[in-house]
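Inspection log for the structure reproduced underneath, given as structure tokens.
We did not get these values from a lab; they are worked out from the coordinates using the rules stated. None of the values given here were measured: they were computed from a predicted structure. Here Cβ is always computed from backbone atoms with ideal geometry, including for glycine, and neighbour counts include all displayed protein chains.
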Amino acid sequence: MSNKAETPKNATAAVAPVAAQDPVETVVWGRTLVDSYRWLHDKESDAVLAHLEAENDYTEAVLAPVAALREELYDEIKGRIKETDMSVPVVKDQWSYYTRTNEGEQYPIHCRRPAPADGGADTMAGDPSAGEPAPDEQILLDENLEAADSEFFEIGLFDVSPDHRLLLWGADRTGDERFAAMVRDLETGEEFVDGLLDLSYGSAWALDNQTFFYVRPDDANRPYEVWRHTVGHPVADDTLIFRETDERFFVGVARDKDDSFIYIGSSSKITDELRIVPADDPMALPRLLAERRQGVEFSAAHADDRFVILTNDGAENFRVMTAPEDDPGPENWTELIPEAPDVTISDIDVSAHFLVLFERTEGTTRIRLRSWSDGSFTTVDQPEEVSTTWPGANPDYNATTLRYGYTSMVTPPSVFLLDTETGERELLKRQEVLGDFDPARYETRREWAVAADGTRIPVSLVWRRDGASGAAPATRPCVLYAYGAYEASTDPAFSSVRLSLLDRGFCFAIAHVRGGGEMGRQWYLDGKFDKKQNTFGDVIAVAQHLIATGWTAADRLVLRGGSAGGLMAGAVVNQAPRLFAGVVAHVPFVDALNTILDPTQPLTVTEWEEWGNPADNEEIFEAMFGYSPYENVTEQPYPSIFATGGFHDTRVNYWEPAKWVQLLRQRTTAEAPILLWTDLGAGHGGPSGRYEAWREEARILAYILWIVGLAG
């Protein structure tokens, strides 16, 4: 069996060569940037659309030899998933809310039923596996009916009024993340509020059950205004409550867990500001809780007569403060939990009885509880060292229980309920994996690679044992995944889709590189601005480690990343192309320098606090000029590359992967296929329906198997 994927000779006829048309030259800090494919930016052009369609045809032609394998993989993916299923119900007041799915339907159904009379947790609602919902079930919203024949459909707002009678919901039908919203009377089924269009994420009901707050985006899709609407009044009468004029900041709105306040937050990448409106007095003017101070991040939650505040003010790894309700400014903040040098507090939750701390230490997540009554701490133990835990749905402020999620690379996502008074823990649900799945067949571990500057980089691995427990598998094919931006953490988690690779002998590795948040705030700071090269160097070091320690070989290693992780993949493959057999780059941010230099592009100004502003800072320009994938494609033997895009993507424009692919084909000295697939009906997240998403993943998995020579 050959380990080299060859392009069918007739496949090249499916797409014509794309010539540079009137290259655009930009001079910045004495350097000339040449963009030979700027014409692809014209979204309204018939020629551009025809080009993207031809690229899709070309990709289909090149991958035609693995068409049957793709169908096999799709059947495997679908066959492991319990298609008719339901979530664990969440009890709020007298109702128990949940979602369920039906076999053959793309989207979930949102439901509720009366909560248990004894006030306990509701763990079941009928027998969804048999297609028999509970007899007292009420369907709030069936996304399948609402989507009808829409090519794309995504719910962005779903907010039930405090009295549980009205539902504010909004849907996006193109993938541009702008939602058309309406209100549904859950008793009569009547829908009203016409003309509530172009909304962003986020909403909050006031306690009068007639007033709600919502967010509008600007022309760059930046959420920048908060509006107030009263049910029964025309949208034209809505009141603008807050407008954010600084283009670095996004706004959001939410009601507090104890129903005391509505929060209007304004946040940049590194700075926060917060206003509050009493939830029982929605006509009141917003009151400033704490104004913005450059570089100071914070979030707040109300508990009894005080605010509990998580902040990095004077604490790089964050600390917890309290402030009096009537005068909560920073001058009145009192430290409750100090900063720890080796622990980052990533989030908090409050209840009447305890404070929950979600923390990170040594690349792992953990949960600690602090009792309000005596100040004692309790750590929630987890069964596996290489694992991930996260906050669950805990809407009841007075509850003495805590729901949380848990997974590892061998343990499917699980929902636990902890009784904080007795310490007893109940498994409410674990994702069921159909077929012959046995977690004992798989093994996971944490290894450490060493970067060029001596920094130790954590790596999470999973593979199928096949009797080789405790030892590194001998030169297996491997997928290496990384992200490394925005302080986002790529934590070790289970994937039933991944089993199609593991069962064919692959190992799967996650590189927890700088720029992410896995190892604390400094880990993030060491992978941004002029230190961004650390992210790419860390990925290269992990790839070298996997090869040197016998996990895989260069002709069997595939690199994968998306969005900012696609930038990572593009930079890494420019710098170390011989380490990989293939690269999968989903909606990759590969034209980073041109985009960040153009403030008219959506969200560019907000991104300056992540990447820097190369127009105003020569040092930042030189750093970006040195790693931006599009500017650094050179004449060298590139491995095979599969890039994807979304035609309606408002975060990474479709033309970024489209231009990158053209330049790669122009300059590579190898014959490995370079492919582009653009979803012409979706945005940043790809297809909205679950079956279509599984088909897209099957396409990628078939490509990966093909590129390492295992498609036969």
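Just to confirm the number: angle between the C-alpha axis of helix 618-627 and the first principal axis of the chain, 0 to 90 degrees, nearest 10?
60 degrees
Please label the shape of the chain as rounded, prolate or oblate, based on the square roots a ≥ b ≥ c of the eigenvalues of the alpha-carbon gyration tensor (a/c under 1.5 means rounded; beyond that, a/b larger than b/c means prolate, else oblate).
On the way: a/c = 1.42, a/b = 1.34, b/c = 1.06.
Since a/c stays below 1.5, the shape of the chain is classed as rounded.
Helix 46-62: angle to the longest alpha-carbon principal axis of the chain, degrees 0 to 90, nearest 10?
70 degrees
Placing one identical point scatterer on every Cα of region 353-496 and ignoring solvent, what is log10 I(q)/I(0) from the Debye formula at q = 0.16, 0.21 Å⁻¹?
Summing over Cα pairs of region 353-496 leads to -0.99, -1.37.
When you count, for each residue, the other Cβ atoms within 10 Å and take the mean per peptide, how do 336-346, 692-702, 667-677 rank with the highest first?
On the way: 336-346: 16.4, 692-702: 20.1, 667-677: 18.5.
Result, highest mean Cβ count within 10 Å first: 692-702, 667-677, 336-346.
Which of the residue pairs K528/K659; K92/K528; K82/K269; K82/K659; K257/K532 have a Cα-Cα distance greater than 30 Å in the structure shown?
Violating the 30 Å limit, Cα to Cα: K92/K528; K82/K269; K82/K659; K257/K532.
Of the peptides 530-541, 35-46, how do they stack up when ordered by the mean number of other Cβ atoms within 10 Å, highest first? All intermediate terms of the calculation are to be shown ahead of the outcome.
Values: 530-541: 23.3, 35-46: 16.1.
With the highest mean Cβ count within 10 Å placed first, the list reads 530-541, 35-46.
Net charge near N394, counting Lys/Arg +1 and Asp/Glu -1 over other residues with Cβ under 11 Å of its Cβ? Walk me through the numbers before you get to the answer.
Values: positive: K92, K257, R403; negative: D349, D396.
Local charge sum for N394: +1.
Per residue of the chain, what 222 nm ellipticity follows from adding -39500 (n - 2.57) for every DSSP H run with n ≥ 4, rounded to the nearest 500?
Values: 12 runs with 128 residues, N = 712.
Mean residue ellipticity, 222 nm, calculated: -5500 deg cm²/dmol.
Taking the mean number of other Cβ atoms within 10 Å as a proxy for protection, how do you rank 561-569, 327-335 from highest to lowest?
On the way: 561-569: 27.2, 327-335: 13.9.
Top of the packing list down: 561-569, 327-335.
Which loop-located chymotrypsin sites (Phe, Trp or Tyr not before Pro) does region 415-465 contain, where loop means any DSSP state but H, G, I, E or B and the Cβ has at most 16 other Cβ atoms within 10 Å?
Sparse-neighbourhood loop chymotrypsin sites (Phe, Trp or Tyr not before Pro): F437.
Take every Cα-Cα pair in region 355-438 and report what % of them are more than 18 Å apart. Don't skip to the end; give the middle numbers.
Numbers: 1580 of 3486 pairs.
Counting pairs separated by more than 18 Å, the tail of P(r) holds 45 percent.
Please report how far the C-alpha centroid of region 530-547 lies from that of region 273-314, rounded to the nearest whole angstrom.
Here the two parts' Cα centres lie 39 Å apart.
Within region 280-299, list the residues whose amide N lies under 12 Å from a label point set 7 Å along Cα→Cβ of E325.
Under cut-off, by backbone N: 280.
Tell me, in nm to one decimal, what length is gained between A67 and D419 on full extension, where the rule is 0.36 nm per residue of separation less the Cα-Cα distance?
Working: separation 352, 0.36 × 352 = 126.72 nm, distance 5.05 nm.
Result for the pair: 121.7 nm of gain on full extension.
List, in order, the whole-Hz ³J(HN,Hα) value for each residue of region 570-582 obtained from phi through the Karplus relation with A = 6.51, B = -1.76, C = 1.60 and θ = phi - 60°; use x for Gly and Pro.
Calculated HN-Hα couplings, in order: x, 5, 5, 6, 5, 8, 9, x, 7, 7, 10, 7, x Hz.
So how far, in whole Å, is the C-alpha centre of region 562-605 from the one of region 621-677?
8 Å
What full-extension length gain, to one decimal in nm, is calculated for T549 and D304 as 0.36 nm per residue of separation minus the Cα-Cα distance?
On the way: separation 245, 0.36 × 245 = 88.20 nm, distance 5.50 nm.
This chain segment gains 82.7 nm when fully extended.
If I take all pairs of Cα atoms in region 134-174, what percentage of them are more than 14 Å from each other? Kindly include the intermediate steps, with their values, before the conclusion.
On the way: 449 of 820 pairs.
Roughly 55 percent, rounded to a whole number.
Gain in length, Y691 to E291, computed as 0.36 nm per residue apart minus the alpha-carbon separation, to one decimal in nm? Walk me through the numbers before you get to the answer.
On the way: separation 400, 0.36 × 400 = 144.00 nm, distance 4.56 nm.
Stretched out fully, the Y691 to E291 stretch lengthens by 139.4 nm.
Just to confirm my numbers, what's the Cα centroid distance between region 373-409 and region 133-170 in Å?
If you average the Cα positions of each part, the centres end up 29 Å apart.
Helix 655-667 sits at what angle to the longest principal axis of the chain, using alpha carbons and giving 0 to 90 degrees rounded to 10?
It is inclined by approximately 20 degrees.
Return the FRET efficiency for the residue pair A284, D438: r is the Cβ-Cβ distance, R0 is 56 Å, and the value is rounded to the nearest 0.05.
Numbers: r = 58 Å, r/R0 = 1.04.
Calculated value: 0.45.
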